Amino acid sequence: MSGTVQLPLPAWDFQILVAVLDEARHGYAIVQWIRDQTGTPDALGTSTLYAALKRLSRQGLIAEAPRPAGETSADERRRYYRATAEGRAVARAEARRIHQLHGLAEHARLLSGPARLAKGRS
């Protein structure tokens with residue numbers, strides 16, 4: 001992993017990396033993908049997205065990718081992004097970190113406790 005990347009990643013950075021692991025996506029498609037996967041309607045604002053894309057690119061975790069073959073948009077300003085090998089390694093390390101935290105939460109019965117916890121009451 002790059003010396004400039006430290007875990008934990010900001011949540012948006014991790015979600016963006018996952019969104020571009022297997023498919024090149026442009027900014028709006030990244031937002032849509034995150035919204036669809038998380039069920040969060042106000043997922044990610046434009047300024048936050050483009051600041052994160054710039055940061056991830058500067059860190060070498062994503063790179064611009066060629067326009068996909070089936071793309072029908074005529075907007076030449078649209079940029080597509082894809083995770084680099086370094087980005088995949090960082091995403092994998094962050095996923096392992098999150099998995100360990102999930103295991104800790106399960107061990108503490110934070111995820112499978114009484115219904116009152118699931119409803120947000122203490």
Scanning the stretch 9-55 for residues that are surrounded by fewer than 12 Cβ atoms within 10 Å (Cβ to Cβ) and at pLDDT 95 or above gives Lys54
For helices (runs of 4 or more DSSP H) lying entirely in the stretch 5-122, having 2 or more residues that are touching a residue at least 60 places away in the same chain (Cβ under 8 Å) and aliphatic (A, V, I, L, M) picks out 11-19, 85-107
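The values are calculated or read from the model by the stated rules, or taken from the named source; none is laboratory data. It should be emphasised that the depicted structure is a prediction, and the values quoted were computed from it without experimental measurement. Using ideal geometry, Cβ is built from the backbone for each residue, glycine included, and neighbour counts are taken over all protein chains shown.
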